[in-house]
Amino acid sequence: MSVVGDFNDWQPGVHTLQPRKDGKRAVMVTLPAETAHSFRYLAAGDYWFNEESADHDGANSRLHT
């Protein structure tokens, strides 16, 4: 599973989510301050999904730094 967005040219596998001790997955992505980025998660089987707690811009989640 990876996070894919405009910050990595929508390339799967560049930012792979790693398992944490609490059972969730995470990855650290450094983004410039005062910017906005569109992103989605990509899981096995070409399953795309959004971050439900994020703002949304059409089909994509939206993050404001």
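Scanning the range 23-44 for residues that are closer than 15 Å to Val4 by Cα and either modelled with pLDDT under 90 or not basic (Lys, Arg) (or both) yields a total of 14. Number of residues in the range 1-10 that are in contact (Cβ under 8 Å) with a residue 24 or more places away in the chain and farther than 13 Å from Thr65 by Cβ equals 4.
Residues that are closer than 11 Å to Tyr41 by Cβ and either touching a Leu at 6+ places or on another chain (Cβ under 6 Å) or open to solvent by 90 Å² or more (accessible area, probe 1.4 Å) (or both) within the range 1-27 comprise Met1, Ser2, Val4, Pro12, Arg25, Val27, listed in sequence order.
Listed by position, the strands (runs of 3 or more DSSP E) enclosed by the range 11-60 that each have at least 2 residues that are without any contact (Cβ under 8 Å) to a residue 24 or more places away in the chain are 47-49, 55-57. Would you please name the residue that is nearest to Val14 (Cα to Cα), looking only at residues in the range 33-65 that are aliphatic (A, V, I, L, M) and open to solvent by 60 Å² or more (accessible area, probe 1.4 Å)? Here the residue is Ala44.
The values are calculated or read from the model by the stated rules, or taken from the named source; none is laboratory data. Not measured: the values here are computed from a predicted model. Backbone-built Cβ (ideal geometry, glycine too); neighbour counts: all protein chains shown. Ligands, DNA and RNA are stripped out before the accessible areas are found, and what is left, the full protein with its side chains, is counted by its heavy atoms. Shrake-Rupley method; radii C 1.70, N 1.55, O 1.52, S 1.80 Å.
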